[in-house]
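Written out below as structure tokens is the structure these notes cover.
FYI, it's all coordinate maths here, none of it is from the lab. This one's a predicted model, so the numbers in the text were calculated from it and none came from an experiment. Methodologically, a virtual Cβ is constructed for each residue, glycine included, from the backbone with ideal geometry; neighbour enumeration extends over all protein chains shown.
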Amino acid sequence: MNVTSLPNPSTSLAWLPPDVAMHVENTRYILTATAGVWVWDLLMGMPDLIRIYSSSSFKALDAIYFTSRITTGLFIFTTLALNVVAVDNCEALAKVVGWIGAVTLPLHTLSFFFCARAVFHDFRRLLAMLAILWLASLGASVVTPFFIHAQHIGDTKQCLVDINEVFATGIVFVALNNGVTFILISTQLARITQATDVAETWSGRMKTFLRRDGYGKVTKMLMATGQSYVLPVVISNVVAAVINLIPSIPAPFRLSFVVLNVMIHSCMTARIHRNIKLGIINPEPSGMTTVGTDHQTLKFRKQAHADTIMVSQVTQVDHERRASSATNGMESISTFVSPFKDEQKGALGTYDSMA
């Protein structure tokens, strides 16, 4: 393009065709808004984090959580810099973005594996399958940095991003991993829904599950503190994966939707983490009461080092099933309960948290 024909050669968008310039500008808006929402969520959660860690010890899985938050922030802001800031080496910064994303995505999917381990800790083959699926998402994410590129726009130092179709491999496997895990956990929660005339069949159970009717207090708590936050993550995973599988969508848009998905995942995970940690500090929050009845009480437990500490008790009023014992829980990033067995075999209740 002839520099003398440009209205403002020092402006990067002037070097681009009108449609491409519009895509780049809209991508900048999306990334800026995404960064703003992430910072807002981080600041809003600070008082809770101060309260939590002034009364609770810092453990290994807390380190994983904070590492995930840090890499998310780095991924968001390096991608924003790649699209907005003038840099000397666009290709090098693009590779930095790719490798940070390759670390961030598997860290987020790891939280889903912790959830599944809490729910299905007696189903070793199923856990092995989910572990293999997580390793597949890890491998797919590691491939992505090789397929993101960037170059200077004209004579300016601002960058134009280009991503190959293979770049979609990482987000596709992440969506597959999280979607399968979410469906398995939701199906298990539907299976343990209290038996009623409506919930005797699978279709009835699913209706009861979706309407949240017939739940015991345990399952209601799990849905309120876990699955309700996971659903937006799964939806954003699928949307980002589909968009990245469509080559006709401009590369800047495809990358921005990956960043948007990572932001949503980070915010939802942070909310789950704070809810669980606050529940540990305050064993009986105002919204949860222990009802004195003749029925058995489910004991939620958390494993800390070699000791098992009871952190809460919630009465499960179930017309058909009676909980008779509680097992030690494993630490995870979300709150779920293990499968309830038939009353002849006893019942298991586990409180799992990312400590």
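Taking 7 Å along the Cα-to-C-beta vector as the label spot, tell me the residue 60-residue 132 distance in nanometres, rounded to one decimal.
2.5
Would you please put 247-255, 268-276 in order of how densely packed they are, using the mean number of other Cβ atoms within 10 angstrom per residue and starting with the highest?
Averaged packing, sorted descending, gives the order 268-276, 247-255.
Out of residues 5 or more away from residue 120 or on other chains, whose amide H comes under 5 Å of its own, with H placed 1.01 Å from N in the peptide plane?
Result for residue 120 returns nothing.
Take the alpha carbon atoms of the range 71-121, find their center, do the same for the range 126-143, and report the distance between the two centers in whole angstrom.
17
Tell me which of 22, 67, 110 sits at the most positive position along the dipole axis of the range 1-138, charges placed on C-beta atoms (Lys, Arg +1; Asp, Glu -1).
Farthest towards the positive pole: 110.
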